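The values are calculated or read from the model by the stated rules, or taken from the named source; none is laboratory data. All figures in this text were calculated on a predicted structure; none of them were measured in a lab. Cβ placement follows ideal geometry from the backbone for every residue including glycine, while neighbour counts extend to all protein chains displayed.
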Amino acid sequence: MLGLAAPPCRPGRAARDCRSRIVGLAAPPGHDLVALSYWQTYGVPVCVTRFSNNYGPSQHPEKMIPRSVTSLLKGGKITLHGRGEHVRNWLHVEDNCAAIDLVMRDGTPGGVYNVAGTTELANRDGLSCSGRYIFS
């Protein structure tokens with residue numbers, strides 16, 4: 001469930017995210033760096049978790065899965081950006097909470113933990129599964 005501890009800006013995707021000029025993408029790595037600076041400067045025991053896309057009960061209605069399911073249940077259509085080819089890693093919220101609990105109990109202060117699910121789906125494939133489930 002948990003990845004290995006990694007520096008705040010490791011090579012690859014995380015490093016690109018740390019250099020982002022788009023506010024929505026730049027903010028989370030910024031939060032990580034601020035939290036980790038408190039560990040480095042003041043010894044505050046901080047662990048950072050980075051998680052993939054969450055889904056589950058009580059998800060905000062504007063998010064892709066609940067928005068699409070609600071639309072289908074009302075007889076509407078699903079809106080996809082582009083061709084729906086963007087691939088996302090999905091993690092159930094209860095698995096994310098279990099990972100956070102584990103890190104809080106057993107994590108190393110100053111550690112960064114990558115939490116991901118085992119399901120990667122293109123948006124169109126994930127929504128297709130949702131539609132089949134709803135109407136089966």
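Hey, can you tell me all the residues within region 117-136 that are more than 27 Å from THR49 (Cα to Cα) and either of a type in the set (Val, Ile, Thr) or touching a strand residue (DSSP E or B) at 6+ places or on another chain (Cβ under 6 Å) (or both)? Residue satisfying the conditions is ILE134 alone.
Scanning region 27-38 for residues that are touching a residue at least 24 places away in the same chain (Cβ under 8 Å) and either surrounded by 16 or more Cβ atoms within 10 Å (Cβ to Cβ) or of a type in the set (Asp, Glu) (or both) yields ASP32, LEU36.
In a residue-by-residue description of region 110-118, the property of being among the β-branched types (Val, Ile, Thr) and in contact (Cβ under 8 Å) with a residue 40 or more places away in the chain applies to at least one position.
Looking at the structure I just gave you, is GLU85 surrounded by 11 or more Cβ atoms within 10 Å (Cβ to Cβ), in contact with a helix residue (DSSP H, G or I) (Cβ under 8 Å, 6 or more places away or on another chain) and more than 30 Å from GLY43 (Cβ to Cβ)? Answer is yes for this residue. Given the condition more than 28 Å from LEU36 (Cβ to Cβ) and small (Gly, Ala, Ser), answer yes or no: does some residue in region 96-112 qualify? Scanning region 96-112 turns up no residue that is more than 28 Å from LEU36 (Cβ to Cβ) and small (Gly, Ala, Ser). Being within 24 Å of GLY126 (Cβ to Cβ), among the β-branched types (Val, Ile, Thr) and either in a loop (DSSP other than H, G, I, E, B) or modelled with pLDDT of 90 or more (or both), is that true of even one residue in region 3-22? Taking every residue of region 3-22 in turn, at least one turns out to be within 24 Å of GLY126 (Cβ to Cβ), among the β-branched types (Val, Ile, Thr) and either in a loop (DSSP other than H, G, I, E, B) or modelled with pLDDT of 90 or more (or both).
Taking each residue of region 39-59 that is over 15 Å from MET104 (Cα atoms) and looking for partners that are not in a strand (DSSP E or B) with beta-carbon atoms closer than 6 Å, six or more apart or interchain, yields SER52/ALA116; SER52/GLY117; ASN54/VAL93; ASN54/ASN96; TYR55/ILE65; GLY56/VAL93; GLN59/PRO66.
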